[in-house]
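Everything below concerns the one structure shown next.
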Amino acid sequence: MTLATHWHYWVVIALMMTGLHIVIARRNYVKKLMGLSIFQVSVIMLYVTMGKVAGGTAPVYVMEGEGHDAVPNLDVVYSNPVPHVLMLTAIVVGIATMALGLALVVRIKESYGTVEDDVVIEKDRAEEESLES
Amino acid sequence: MSGLKAHFPVLLVVVPLLTAPLLALIRQKQVARALALLSALATAVIGWGLVIAAREQVEPLSYHLGGWPPPIGIEYVVSQASAFVVAIVSSIAALGLLLGTRETRKEVTEGQQHLYYAAYLLCLAGLLGMAITGDAFNVFVFLEISSLSTYSLVAMGNRRRAFSAAFNYLILGTIGGTFVLIGIGLLYQVTGTLNVQDIAHRVQELEDVAPDSHNLTLLVAFVFMIVGLGLKLAVFPLHQWLPGAYAEAPAAVSAFLAGTATKVIYFQLLRTTVVFFGAAHVFGALRFGTHVLMPLSIAGMFIGSIAAIYQPTLKRMLAYSSVGQVGYLTLALSFGTEAGVQAGLLHLGAHAVTKAGLFCVVAAIVAGVGSNRIQRLNGLGKRMPIVAFAFVLGGVGLIGVPGTSGFVSKWALLQAAFASEHYLVAGLVLLSSLVAVVYVWRIVEVMYFQAPPVDEKTTHDNLAMVPALILLGASVLFGLFPDQVVELAADAAHQLFLEPGSLPPLPTGGHG
């Protein structure tokens, strides 16, 4: 595997690692969600590049002839549409996750007054200690 | 099978999936509650119907969605194992709703209850779909349906910590789900198909062609899927989300999740290791069982159980105990033998029933005492004798005392360990059961040997005890008369281990 022929994999890997790093390293909940989104997009890119067949065209029959006599040309190489179709579902899942995540962040902000991970943990600990005594 | 019964595999998913949006539209909590319960009961009936249908057949039943034959079309596979999982999950869901009829009224905000029931049924539909589908991408879709509804169910807990627990679960759960998606994508790239049987067949062919050289893409796909599923299953050390989620969710949701979510994921793990990549390859050449899964399982068994001893609330204690119990599940798989998988399936059933029952008892305690903090349970044996007794019954089930389901499954686990000559591991299983004695005894001591408070009032919620007693009764019944279920688990394990390839390979697959 060389950089020249498989450069799209390196794009995917770079995006994936960027996303994961943000999710793990950032303390801010909104930034965590952004990282998660980048991570998910990298997987969509992985699938989309997977469907490309070298020299292939869009997976719609190239017709020969006119009107009702037209027949599909079976010698044409087509790209694989399946991974793209799968990713339509993954995109929907990603949007749903993001919407739910942001809704939760709104509720966290309302009840804790912050969206910083360490502050939330600190407040939880203080609450726990007050219940212990 | 004929008529309606022929469509049971798809109805199993369609019934809860279509009822859910209906409930969100109705906005009437009484009607929503009744409809949700009705739908869950119907699903449970279908689930047990599938068990009976699967028992009558040697080969797994295949249902073709929309009449499109596999491997192009989507297939639902009713094997002995998937029918077993589906029946347990749908029954626990129905019982969790029965409990919810009393409990959620206090725990879930007024005006959100119809949405609570809708999310609950969506989660059920996702879990059942994941167990029954024979299509790898379908697994991911159903995984996300159940996960997304689980996050919102957890967030409906009545403390603000529920929000942060749900958020953490969302982050980790999405990473897990996306890892599974990457794994499925790489598998598709190698095999050019998404049908489970077809993937198994083609992976087998690849491994047969070159048994000694590892196909790197396959290996990476395997690792991604295992890490993703491990995150969702809460295998140690990927369990961080579980205690918060189980402890902060409404009581009925904790009971439902503890009995179902990790169990369905465990079934996926069985399929991934045994069917997708082939038991011979995963446990033989890769040594995944003895070198990776076994040490992690043993660590989880001990660390989960020891952490359970130090928790301030009942729910957190039971959650950490679940981390320990997941250790037993994965340990059973790590032997890589049919006996091990049989033990795993038995423990899946035993633990699902016991833990769901215990969380139902906790719901009754919360209703009675107003809290599940252990320091407030003093004298519960006198204040709420039936509730305290039920808790002890569930507790001995967790330990694995003879006469409970926990004993049957741990006995099978020990037999599997001896059969594959892991004597030290068998000893460690017994030792970790002693740790379970410690955390259960801690509660017994508070409930029975401390004087009840004089001024405190307890309210009795007898209705909440109905599902708890049904579940714990089932656990005892299974502990006393295990033959039928043991036989079922043995057949199910045998079927999973059969050579893949009941389907002819697809002649013109994709060219990924």
Any idea how far the Cα center of segment B:366-433 sits from the one of segment B:225-270, in Å?
19
Taking the protein assembly as shown and counting helices only, DSSP H stretches of n ≥ 4 at -39,500 (n - 2.57) each over all residues, the nearest-500 ellipticity at 222 nm comes to -24500 deg cm²/dmol
What are the ³J(HN,Hα) couplings of segment B:404-412, residue after residue, when phi is run through the Karplus curve with 6.51, -1.76, 1.60 and θ = phi - 60°? Round to Hz, x for glycine and proline.
10, 5, x, 5, 4, 6, 5, 5, 4
With a 10 Å radius around each residue's Cβ, average the other Cβ atoms per peptide and rank B:6-13, B:131-138, B:289-296, B:238-245, highest first.
B:131-138, B:238-245, B:6-13, B:289-296
Give me the orientation-averaged projected area of the Cα convex hull of segment B:173-330, in nm², one decimal.
9.1
For segment B:287-501 the mean separation of alpha carbon contacts under 8 Å (6+ apart) over residue count, i.e. relative contact order in percent, is 29
Got the relative contact order for chain B handy, in percent, Cα pairs under 8 Å and 6 or more residues apart?
16
Shielding by partners, peptide B:399-410 (average Cβ within 10 angstrom, other chains):
0
One checks the Cα atoms of chain B and finds Rg and Dmax, in Å, of 21.9, 77
Spin-label model distance (nm) - B:Val444 vs B:Glu421, 7 Å beyond Cα toward Cβ:
3.8
Using the basic label-point model (7 angstrom from Cα toward the beta carbon), what is the A:Leu74 to B:Trp48 distance in nanometres?
5.3
May I ask for the distance between the Cα centers of segment B:157-183 and segment B:48-63, given as a whole number of Å?
34
Of all trypsin sites (Lys or Arg not before Pro) in segment B:242-343, the ones in DSSP coil with at most 14 other Cβ atoms within 10 Å are B:Arg287
Run down the lysines and flag those whose C-alpha is under 23 Å from the C-alpha of A:Lys31, throwing out any fewer than 8 positions away in its chain.
A:Lys109, A:Lys123, B:Lys232
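Convex hull volume of the Cα atoms in segment B:287-501, per residue, in Å³?
Taking only Cα atoms, segment B:287-501 has a hull volume of 114 Å³ per residue.
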Please list, in chain and number order, the residues 5+ apart from B:Asp135 or on another chain whose amide H is under 5 Å from its amide H, with Hs placed from the backbone.
B:Glu75, B:Val196
Could you identify which residue out of A:Gly35, A:Gly101, A:Gly19 has the top mean-square fluctuation in a GNM of chain A using Cα springs shorter than 10 Å?
A:Gly101
Find how much the distance from B:Ala280 to B:Asn158 grows on full extension, using 0.36 nm per residue of separation minus their present alpha carbon separation; answer in nm with one decimal.
39.1 nm
Kindly provide log₁₀ I(q)/I(0) values, in the same order as q = 0.13, 0.14, 0.19 Å⁻¹, from the Debye equation applied to equal alpha-carbon scatterers of segment A:9-133.
-0.72, -0.78, -1.04
Note on segment B:106-169: alpha-carbon gyration tensor, axes a ≥ b ≥ c; rule is a/c under 1.5 for rounded, else prolate if a/b larger than b/c, else oblate; result oblate
Expressed as a rounded percentage, what relative contact order does chain A have, with Cα pairs under 8 Å and six or more residues apart?
22
Rounded to the nearest 0.05, what FRET efficiency is calculated for A:Arg27 and B:Leu219 with R0 set to 41 Å and r the Cβ-Cβ distance?
0.75
If a/c stays under 1.5 just call it rounded; otherwise compare a/b with b/c (prolate if a/b is bigger, oblate if not). Do that for segment B:373-487, with a ≥ b ≥ c from the square roots of the Cα gyration tensor eigenvalues.
oblate
Residue mean of other protein chain beta carbons inside 10 Å, B:157-163
5
How far, in degrees from 0 to 90, does helix B:136-155 lean away from the longest principal axis of the Cα atoms of chain B, to the nearest 10?
20
With θ taken as phi - 60° and the coefficients 6.51, -1.76 and 1.60, list the Karplus ³J(HN,Hα) couplings across segment B:300-312 in order, rounded to whole Hz; mark glycine and proline as x.
x, 3, 7, 5, x, 5, 5, 4, 4, 5, 9, 7, x
Cα-based Rg (one decimal) and Dmax (whole number) for segment B:398-459, in Å?
17.2, 57
From other protein chains only, count the Cβ atoms within 10 Å of every residue's Cβ in B:73-79, then give the mean.
0
Per its Cα gyration tensor (rounded if a/c is under 1.5, else prolate when a/b beats b/c, else oblate), segment B:171-212 is best filed as prolate
Given H placed on each backbone N at 1.01 Å, which residues far from A:Asn28 in sequence or on other chains put an amide H within less than 5 Å of it?
A:Asp117
Search the structure for amide H atoms under 5 Å from the amide H of A:Glu64, placed 1.01 Å from N in the peptide plane, and list their residues when 5 or more places away or on another chain.
A:Val71, A:Asn73
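How big is D for the protein assembly as shown, in µm² s⁻¹ as a whole number, if Stokes-Einstein is applied with the Kirkwood radius of its Cα pairs at 10 °C and 1.306 mPa s?
63
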Compute the whole-percent fraction of alpha carbon pairs in segment B:77-224 spaced more than 22 Å apart.
53
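Any read-out appearing in this document is the output of simple, stated calculations on the displayed coordinates, not a laboratory observation. Because the structure is a prediction, the values reported are computed rather than measured. Ideal geometry is used to build each Cβ from the backbone, glycine not excepted, and the neighbour counts take in all protein chains shown.
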